[in-house]
1. Of all residues being over 18 Å from the mean Cα position of the chain (by Cα) and touching a residue at least 24 places away in the same chain (Cβ under 8 Å) in the range 51-73, which is farthest from ligand 2 (Cβ to nearest atom)? Just the residue, please.
2. Are there any pairs with C-beta distances below 9 angstrom linking a residue in the range 29-50 that is within 16 Å of residue 167 (Cα to Cα) to a residue that is of a type in the set (Val, Ile, Thr) and at pLDDT below 95, with the two at least 6 apart or on different chains, and if so which?
3. Tell me the residue from 34, 23 that is among the β-branched types (Val, Ile, Thr), in a loop (DSSP other than H, G, I, E, B) and within 10 Å of ligand 1 (Cβ to nearest atom), please.
4. Would you mind finding the one in 136, 148 that is closer than 20 Å to residue 165 by Cα, within 14 Å of ligand 1 (Cβ to nearest atom) and either out of contact with any Gly (no Cβ under 9 Å at 6 or more places or on another chain) or modelled with pLDDT of 95 or more (or both)?
5. Of all residues in the range 3-28, which are over 27 Å from residue 164 (Cβ atoms) and touching a helix residue (DSSP H, G or I) at 6+ places or on another chain (Cβ under 7 Å)?
6. Out of all the residues in the range 131-154, which are polar (S, T, N, Q) and either assigned to a helix (DSSP H, G or I) or buried (at least 24 other Cβ atoms within 10 Å of the Cβ) (or both)?
7. Could you please find all residues in the range 99-130 being closer than 20 Å to residue 57 by Cα and part of a loop (DSSP other than H, G, I, E, B)?
Amino acid sequence: MNVVVNAAMSADGKLSSRRREQVTISGSEDFERVDRLRADSDAVVVGIGTVLADDPRLTVKDRDRRERRLENGEPANPARVVVDSNARTPPDARIVDEQAETYLCVSENAPVERRMNLSDRATLVTAGEKRVDLLRAFAMLQQNGLERLMVEGGGELIFSLLENGLVDELTVFVGPQIIGGRDAPTLADGDGFVENFPELSLEELEKVDDGVLLRWTVQY
Ligand SMILES: NC(=O)C1=CN([C@@H]2O[C@H](COP(=O)(O)OP(=O)(O)OC[C@H]3O[C@@H](n4cnc5c(N)ncnc54)[C@H](O)[C@@H]3O)[C@@H](O)[C@H]2O)C=CC1
Ligand SMILES: Nc1nc(O)c(N)c(N[C@@H]2O[C@H](COP(=O)(O)O)[C@@H](O)[C@H]2O)n1
């Protein structure tokens, strides 16, 4: 399995504002790159915080790329994965629409009624007692044939994946704005590291739009 985290952050490291509403940080060239990356993935992964904040579709926007996937015997869009311990994904969320297959990673603690309401819209993957056990959940996704995972955030999920040693590559677009705010989400939130900080190796640096694209591999 190969796991790539991709995110866009402001020059001060924020993924969005303290209101946790979606902020457009990438420019058109970067959004094209993100679309290519989605098209080259078996699944796009987000946390429930991102679903509740952004109501994303996570589909491939370019028709030619969707057609190329179909020609290669793949579904038009990659699968979508939500890490959602308590099955809080709204049944009318875009992420469970008909445009792609969706996997909801839930914990054993998720209320049965919510799971039942979602079970005809998504494949439920149960891993972990109270919180999704990411190592087990990703192993189960791999058993379902999902090898190339692109993680789009948010900060809580990205931190947990790094903590679990699950990230192979980190691609970050740094945009030309300051968002600020101590409560605004950053690239890696959660409890934070106090030692054994994951080490990154810079593989690529490029000016894209009015910002910078950085690609690192993670050294464990
Ligand atoms: N600029 C960008 O590229 C992106 C920005 N965002 C922004 O990020 C914000 C959402 O990020 P967050 O609030 O951090 O939410 P998140 O999307 O990282 O989801 C975190 C939630 O996932 C659940 N979860 C279950 N098991 C977990 C585990 N093992 N580890 C971690 N989380 C687990 C928890 O309920 C946790 O609160 C929004 O404001 C959104 O707009 C989100 C994605 C990309
Ligand atoms: N790459 C990137 N740049 C930004 O500026 C962004 N705000 C995001 N957000 C991510 O994209 C998701 C929306 O996807 P759809 O357009 O609905 O397919 C959003 O939920 C974030 O994960 N990404």
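1. Once the filter is applied, the top-ranked residue is 68.
2. Between residues of the range 29-50 that are within 16 Å of residue 167 (Cα to Cα) and residues that are of a type in the set (Val, Ile, Thr) and at pLDDT below 95, there is no close pair.
3. Testing whether each residue is among the β-branched types (Val, Ile, Thr), in a loop (DSSP other than H, G, I, E, B) and within 10 Å of ligand 1 (Cβ to nearest atom) leaves just 23.
4. Being closer than 20 Å to residue 165 by Cα, within 14 Å of ligand 1 (Cβ to nearest atom) and either out of contact with any Gly (no Cβ under 9 Å at 6 or more places or on another chain) or modelled with pLDDT of 95 or more (or both) holds for just one of 136, 148, which is 136.
5. The answer is 21, and nothing else.
6. 142, 143
7. 99, 100, 101, 119, 120, 121, 122
The values are calculated or read from the model by the stated rules, or taken from the named source; none is laboratory data. Computed from a prediction, not measured in an experiment: that's the story for all the values here. Every residue, glycine as well, gets a Cβ built from its backbone with ideal geometry; the counts of neighbours run over all protein chains shown.
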